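Here the structure comes first, spelled out in structure tokens, and everything after it is commentary.
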Amino acid sequence: IRDEESGYNKNLFCIPKHYEEDLERVFIPHGLILDRTEHLARDIMQDMGSHHIVALCVLKGGYTFFADLLDHAKALNQNGDKSVPVTVDFVRIKSYC
């Protein structure tokens, strides 16, 4: 996103009541994020070929993205010409001492 990007008017979206006063604009719509996540899953599956994938999720912030990414990868595995084994694990990292 460029610095001069103005984003989208929040009135174009269904914003939960408890966020209405805190939010001025929407910079990246949810649908665009999901589309890019699906594209990333396709790239990963293509680049990995038939190699086993070990997916590691950093907890406390990455879970929703991680789940969406794995959902897309799973759909590609089920509907594609090949099936790639995927192992999932989680790690919790403390970023501040």
Computed lengthening from HIS39 to VAL88, 0.36 nm per intervening residue step minus Cα-Cα distance: 15.7 nm
If you add up the charges near PHE66, with Lys and Arg at +1 and Asp and Glu at -1, over every other residue whose beta carbon is less than 15 angstrom from its beta carbon, what do you get? 0
Can you give me the accessible area per residue for the chain, using a 1.4 Å probe, in Å²? 84
Summed residue charge, Cβ within 14 Å of GLU5's Cβ, Lys/Arg positive, Asp/Glu negative: -1
With only helices counted (DSSP H, runs n ≥ 4, each -39500 (n - 2.57)), the per-residue ellipticity at 222 nm for the chain, to the nearest 500, works out to -12500 deg cm²/dmol
Enumerate the amide H contacts of CYS57 below 5 Å, restricted to partners 5 or more residues apart or on another chain; note that Pro and chain-start residues carry no placed amide H. ASP89, PHE90, VAL91
Give me the net charge for the shell around ALA41: Cβ to Cβ below 12 angstrom, other residues only, Lys and Arg +1, Asp and Glu -1. -3
Pull up the cross-link candidates among the aspartates and glutamates for LYS10, meaning alpha carbon to alpha carbon under 17 Å and not fewer than 8 places away within one chain. GLU20, GLU21, ASP22, GLU24
Give me the percent of the accessible area of the chain that comes from carbon and sulfur atoms, probe 1.4 Å, all protein chains in place. 54
Could you tell me the calculated FRET efficiency between SER50 and ILE15, based on Cβ-Cβ distance and R0 = 41 angstrom, to the nearest 0.05? 0.40
Among the lysines, select those whose C-alpha is under 30 Å from the C-alpha of LYS94, and discard any that sit fewer than 8 residues away in the same chain. LYS60, LYS74
Answer label, with volume of the Cα convex hull per residue in Å³ calculated from the coordinates and candidates (1) 116; (2) 81; (3) 170: (3)
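The values are calculated or read from the model by the stated rules, or taken from the named source; none is laboratory data. In this text, all values refer to a predicted model and were calculated from it rather than measured experimentally. When we count neighbours, we look across all protein chains shown, and the Cβ atoms used for this are built from the backbone with ideal geometry, even at glycine. Each accessible area value is taken on the protein alone, full model and side chains, heavy atoms only, with ligands, DNA and RNA left out. Shrake-Rupley method; radii C 1.70, N 1.55, O 1.52, S 1.80 Å.
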